[in-house]
Amino acid sequence: MEPCSNIILIGMPGSGKSTVGRILAELLGWPCIDTDKLIEARRQKDLQAILDQDGIGAFIRLESQVVRALKLSHHVIATGGSVVLDQVTMQHLRDLGCVVYLDVPLPKIERRLWNIKTRGIVIKKHQSIRDIYRIRRPLYERYADLIQPTTGLSAQQIAMAICDWYRQQGKPK
């Protein structure tokens, strides 16, 4: 598949991947796929119920299966925040297209995640948002083709910046 035949959004829970993804897809005239929604549809349960009933390990395996089943082109893919925890899944996403990390500062993430216990976040009982940020941020940066700053920008402005970057890549290479 061409290197930029899809745009894949990664980042912390609450970073705006779904919102930016919808706007970006509209700008590009592409469909947007939210992998969390695909997981919920597969299991016919919300993410928190899957995590509560099956555990973190089973959730990460399910997320990996759902994401690795994606074979598409010219889509914006908004992923779950935990997708970076599985190297094979991330390699599949990198093979599918350009990976964009929505870089949101920790204090803003902490403010946005007021519903940590019900949102469907892969987080161990003893961990805080700060803990998962510290663990995941280097992974997001490692896998990203573009690290998109978000500070001071609206979702529309973020999507437009990604769209501009994508177009500078020469569309699908």
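Go through the stretch 85-98 and give me each residue that's crowded, with 22+ Cβ neighbours inside 10 Å and either touching a Phe, Trp or Tyr at 6+ places or on another chain (Cβ under 7 Å) or part of a strand (DSSP E or B) (or both).
M90, C98
Return yes or no: is G97 in contact (Cβ under 8 Å) with a residue 24 or more places away in the chain and touching a strand residue (DSSP E or B) at 6+ places or on another chain (Cβ under 6 Å)?
Here the answer is yes, as G97 does meet what is asked.
Inside the stretch 14-62, can you point out the residues that are closer than 26 Å to Q127 by Cα and in a loop (DSSP other than H, G, I, E, B)?
The answer is G14, S15, G16, K45, D46, G55.
Among the residues of the stretch 63-73, is there at least one that is crowded, with 22+ Cβ neighbours inside 10 Å, in a helix (DSSP H, G or I) and either small (G, A, S) or in contact (Cβ under 8 Å) with a residue 60 or more places away in the chain (or both)?
Looking through the stretch 63-73, none of the residues is crowded, with 22+ Cβ neighbours inside 10 Å, in a helix (DSSP H, G or I) and either small (G, A, S) or in contact (Cβ under 8 Å) with a residue 60 or more places away in the chain (or both).
Here are the criteria: (1) in a helix (DSSP H, G or I); (2) free of Cβ contacts under 8 Å to residues at least 40 places away in the same chain; (3) not β-branched (V, I, T). Tell me which single one S82 does not satisfy.
Failing condition for S82: (2).
With (1) farther than 17 Å from G14 by Cα; (2) acidic (D, E); (3) touching a residue at least 40 places away in the same chain (Cβ under 8 Å); (4) touching a helix residue (DSSP H, G or I) at 6+ places or on another chain (Cβ under 9 Å) as the list, and D103 as the residue in question, which single condition is left unmet?
(1)
In the list L62, L47, which residue meets the criterion of being under 16 Å from the mean Cα position of the chain (by Cα) and farther than 30 Å from G152 by Cβ?
One residue alone meets the criteria, L62.
Return a yes/no flag: does the stretch 18-27 have any residue that is aliphatic (A, V, I, L, M), surrounded by fewer than 22 Cβ atoms within 10 Å (Cβ to Cβ) and at pLDDT below 95.
Looking for residues that are aliphatic (A, V, I, L, M), surrounded by fewer than 22 Cβ atoms within 10 Å (Cβ to Cβ) and at pLDDT below 95, one finds none in the stretch 18-27, hence no.
The values are calculated or read from the model by the stated rules, or taken from the named source; none is laboratory data. Since the structure is predicted, the reported quantities are computational estimates derived from the model, not experimental observations. So basically every Cβ, Gly included, is an ideal-geometry build from the backbone, and we count neighbours across all protein chains shown.
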